[in-house]
Amino acid sequence: IFGTYSTMEGANSSDYCLYCGEGKYSTIAGADSPSSCIACSEGKYQSHEGATSQSDCSFCLPGTFSLVVGANSSLVCTACTSGRYSSVLGLGKECELCEGGAYSSGVGMNSSDSCVLCPGGTFQTGLG
């Protein structure tokens, strides 16, 4: 059964099959080890046991990111901090920085349009 494994030899029932845990999935029928369960990658999470494919892993939403492998809840999806944004689903790295000369004071921004240009007569030397 996909999404499960069993370490028991000579099992006579599917009752001996154990589900892959939350945050993991398995595409292998007849798996005999918990190591056959594959962790969802960074930027994704999965909150139920027995997942059978990578598509069972849900994406963190734009404006958030996650560096956690095998996450089991959307709570790992962290809002982009001020000065940063993410416009993609399932970001598995830090959010992008606003370009030099622009800033963003909000959190969880999901577009570079959230970065506001510095007013005339001022400048900013760094990113974010």
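Some points to look at:
- Residue count for the range 86-100 satisfying the condition of being touching a Pro at 6+ places or on another chain (Cβ under 9 Å) and over 18 Å from residue 39 (Cβ atoms): 4.
- Scoring residue 79 on the criteria (1) open to solvent by 70 Å² or more (accessible area, probe 1.4 Å); (2) among the aliphatic types (A, V, I, L, M); (3) under 18 Å from residue 109 (Cα atoms) leaves a single failure, condition (1).
- Residue check for residue 121: farther than 30 Å from residue 3 by Cα, open to solvent by less than 30 Å² (accessible area, probe 1.4 Å) and at pLDDT below 95: no
- Residues in the range 34-71 that are more than 11 Å from the chain's Cα centre (by Cα), over 12 Å from residue 88 (Cβ atoms) and among the small types (Gly, Ala, Ser): 35, 36, 47, 50, 51, 53, 55.
- Test: residue in the range 84-106 that is within 29 Å of residue 123 (Cβ to Cβ), basic (Lys, Arg) and part of a loop (DSSP other than H, G, I, E, B): yes
- Restricting the range 99-114 to residues that are touching a Cys at 6+ places or on another chain (Cβ under 7 Å) and modelled with pLDDT of 95 or more leaves a set whose member that is surrounded by the most Cβ atoms within 10 Å (Cβ to Cβ) is 109.
The values are calculated or read from the model by the stated rules, or taken from the named source; none is laboratory data. These numbers were taken from a predicted model, which means no experiment stands behind them. No Cβ is skipped: glycine too gets one built from the backbone with ideal geometry, and neighbour counts run over all protein chains shown. For the accessible areas, the whole protein counts, side chains as well, though only heavy atoms, and no ligand, DNA or RNA atoms are used. Shrake-Rupley method; radii C 1.70, N 1.55, O 1.52, S 1.80 Å.
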